[in-house]
Amino acid sequence: MSDPSTTTVNQPEPSGHGDGPLYAERVKVHPRHFDGPFRKWKTILLWVFLAVYHCSAWIRWDRGPGAPDQAILFDLPGRRAYIFWIEIWPQEVYYLTGLLILAAVSLFAASAIAGRVWCGFACFQTVWTDLFMKVEAFIEGDRNKRIRLDKAPLSMDKILKRIAKHVIWLLIAGFFAMSFLWYFNDAPTITKEIFTGQIGGWTLVVMLVLTGMTYIMAGFAREQVCFYMCPYGRFQSVMTDEDSLVVTYEAWRGEPRAQPGKNRDFSDRGHCVDCSLCVQACPTGIDIRNGQQMECIGCGLCIDACNTMMEKFDLPKNLISYDSYTNMVAREQGKGKQVHLIRPRTIYYAVILTIVATAILTSLSFRDRLEVNIQRDRAPLFVTLSSGDIRNGYTYKVLNMESSAKEYTLSVEGLKGATMTVIGDEQTDQEVLDLKVKGDHVGTFKIFMKAPRNMLEGASTDITFVLKDKETGEIFNQSTVFRGP
Ligand code: SF4
Ligand code: SF4
């Protein structure tokens with residue numbers, strides 16, 4: 001049963017300690033396929049995540065004339081993000097911060113409950129590596145055939161298989177890169193441009209870099225990315241505790257391990273038959289029987305592998321299982337199940353998630369679709385006209401975040417007799433101005449305000465600009481001062 005090619009375990013030597021080498025040469029991992037619930041869920045999630053990633057940019061969303069009709073679009077030249085009905089302007093980038101906090105806390109919560117479940121099932125690196133491995137297995141066969149092909153001298157069969165594999169990998173990588181571009185451009189337009197060779201400049205650079213990176217990361221680097229490039233695996237231990245569900249070898253039941261004897265008597269030995277199937281199944285090439293390791297991504301494939309062996313010997317399943325340390329000790333001592341999903345750590349995370357999600361949703365629901373900004377001229381502070389009236393200059397900006405044009409009236413409170421003139425407009429010495437701002441635009445108005453000198457409260461008079469939406473009657477106030485002698 002034991003495969004001699006599997007005895008090498010791809011575990012880097014601890015560096016910087018003792019007399020061990022500082023550099024561990026990579027041992028190529030050829031994971032073996034085993035059916036089982038973890039493999040099944042991994043495959044289902046693989047296709048679900050790929051479908052979501054590749055299809056989401058093609059969902060259309062009607063936002064009215066002139067606005068993009070792509071449901072999810074990060075329009076960098078237009079400095080706007082569209083996510084279904086939500087439209088985010090550059091000054092609202094704090095929503096992105098909120099989303100990043102949500103993502104980080106969700107990751108911490110998932111780790112506290114189920115260890116590296118993100119790494120094993122949902123991480124981009126895992127998903128694409130799994131897909132690349134499927135292609136590899138389809139062309140070159142399962143583990144033993146791949147190992148033999150690796151060792152075989154160059155032949156036509158080997159060359160053709162290698163060409164086929166690398167061409168398909170490159171096509172997948174290119175497709176991934178094109179899909180990424182869909183989120184930053186109109187998807188049908190950029191696709192047409194790619195296939196007709198019309199893209200160039202940065203778009204082409206991004207496409208080529210992403211294609212190359214996906215090809216290298218998923219085709220060659222694979223588990224090395226998790227070992228040496230991703231920081232998450234390094235600090236996962238601080239996010240889990242003795243109640244977190246992690247992939248665990250139940251040594252109390254498995255040891256002392258030994259190859260099965262002819263009589264299959266397990267009465268005075270452990271249940272581990274030392275078949276190394278768990279090592280053969282592991283995409284990172286480690287031996288989970290050595291205990292918790294930073295290299296374990298929590299994919300559970302060793303559980304499926306070991307369970308096939310347990311079934312074969314009529315032994316209880318789950319010698320390797322997704323289990324917590326607390327529950328494992330309880331089982332070892334013959335106590336009942338002890339699973340503690342609700343505990344202080346998970347409660348903190350749930351509270352933080354609820355607060356951040358509520359804050360984002362509330363803010364999105366009540367945010368204004370209009371912003372006003374006023375800047376008073378500082379040079380000169382004021383001008384005394386020949387009539388004796390005092391004049392101040394203002395730059396008044398109205399940001400209309402809706403897709404349709406808006407009409408407003410603008411008046412001033414706090415200064416009797418004040419009139420306004422819009423530069424470059426026909427409105428002169430008016431108490432109320434009519435302002436029009438196009439949809440998705442910032443309207444900038446240069447305004448001169450004039451007031452009788454005897455109406456001023458001194459060198460500085462507090463005033464309020466009152467902007468009223470003609471259609472909805474909504475009012476936006478902005479305070480400033482009117483300066484005088
Ligand atoms: S030890 Fe098991 S759970 Fe961990 S990476 Fe290997 S196969 Fe996946
Ligand atoms: S833990 Fe399971 S799969 Fe691994 S060597 Fe022992 S019996 Fe085989």
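The values are calculated or read from the model by the stated rules, or taken from the named source; none is laboratory data. What you see is a predicted model, and the numbers here were worked out from it, not measured in a lab. All Cβ positions, glycine included, derive from the backbone under ideal geometry; neighbour counts span all protein chains shown.
Given the options A218, A177, name the one that is buried (at least 18 other Cβ atoms within 10 Å of the Cβ), closer than 21 Å to C123 by Cβ, without any contact (Cβ under 8 Å) to a residue 60 or more places away in the chain and not hydroxyl-bearing (S, T, Y).
On the way: A218 fails: without any contact (Cβ under 8 Å) to a residue 60 or more places away in the chain.
None of the other options fit; the residue is A177.
Taking the residues in the stretch 365-397 that are at pLDDT 90 or above, within 50 Å of the chain's Cα centre (by Cα) and loosely packed, with under 13 Cβ neighbours inside 10 Å as candidates, determine which candidate is nearest to I447 (Cα to Cα). Filtering the stretch 365-397 for residues that are at pLDDT 90 or above, within 50 Å of the chain's Cα centre (by Cα) and loosely packed, with under 13 Cβ neighbours inside 10 Å, the one nearest to I447 (Cα to Cα) comes out as Q375. Taking C275 as the residue in question, decide whether it is in the same structural domain as K134 (by TED's automatic domain parsing) and buried (at least 22 other Cβ atoms within 10 Å of the Cβ). Criteria not met by C275. On the stretch given as the stretch 329-356, residues that are without any contact (Cβ under 8 Å) to a residue 60 or more places away in the chain and farther than 29 Å from E255 by Cβ total 7. Out of everything in the stretch 19-40 that is out of contact with any Gly (no Cβ under 7 Å at 6 or more places or on another chain) and in a helix (DSSP H, G or I), what residue ends up being farthest from D130 (Cα to Cα)? Going through the qualifying residues, I end up with P37. Where strands (runs of 3 or more DSSP E) fall entirely within the stretch 353-462, those with at least 2 residues that are of a type in the set (S, T, Y) are at 390-400, 406-413, 419-422.
How about the stretch 312-356: which of its residues are among the polar types (S, T, N, Q) and loosely packed, with under 12 Cβ neighbours inside 10 Å?
Looking only at the stretch 312-356, we keep the residues that are among the polar types (S, T, N, Q), and these are 318, 321, 324, 326-327, 333, 338, 346, 354.
Within the stretch 312-356, Q333, T354 meet the criteria.
Residues being in contact (Cβ under 8 Å) with a residue 40 or more places away in the chain and of a type in the set (S, T, Y) are entirely absent from the stretch 413-428. Just give me the residues in the stretch 226-250 being within 16 Å of ligand 1 (Cβ to nearest atom) and outside any helix (DSSP H, G or I), in sequence order. Result: C230, T240, S244, L245, V246, V247, T248, Y249, E250. For the stretch 173-186, the criterion of a residue being among the hydrophobic types (A, V, I, L, M, F, W, C), over 20 Å from the mean Cα position of the chain (by Cα) and within 18 Å of T211 (Cα to Cα) is satisfied by no position.
Here P260 clears all of (1) under 19 Å from M328 (Cα atoms); (2) within 10 Å of ligand 2 (Cβ to nearest atom); (3) modelled with pLDDT under 90 except the condition numbered (1). For the residues L301, L315, the requirement of being within 16 Å of ligand 2 (Cβ to nearest atom) and in contact with a His (Cβ under 8 Å, 6 or more places away or on another chain) singles out L315.
Would you say G291 is more than 10 Å from ligand 2 (Cβ to nearest atom), surrounded by fewer than 18 Cβ atoms within 10 Å (Cβ to Cβ), of a type outside the set (S, T, N, Q) and closer than 28 Å to T346 by Cα? Considered against the rule, which asks whether it is more than 10 Å from ligand 2 (Cβ to nearest atom), surrounded by fewer than 18 Cβ atoms within 10 Å (Cβ to Cβ), of a type outside the set (S, T, N, Q) and closer than 28 Å to T346 by Cα, G291 comes out as yes. Scanning the stretch 108-127 for residues that are farther than 17 Å from T248 by Cβ and more than 15 Å from the chain's Cα centre (by Cα) gives a single hit, A109.
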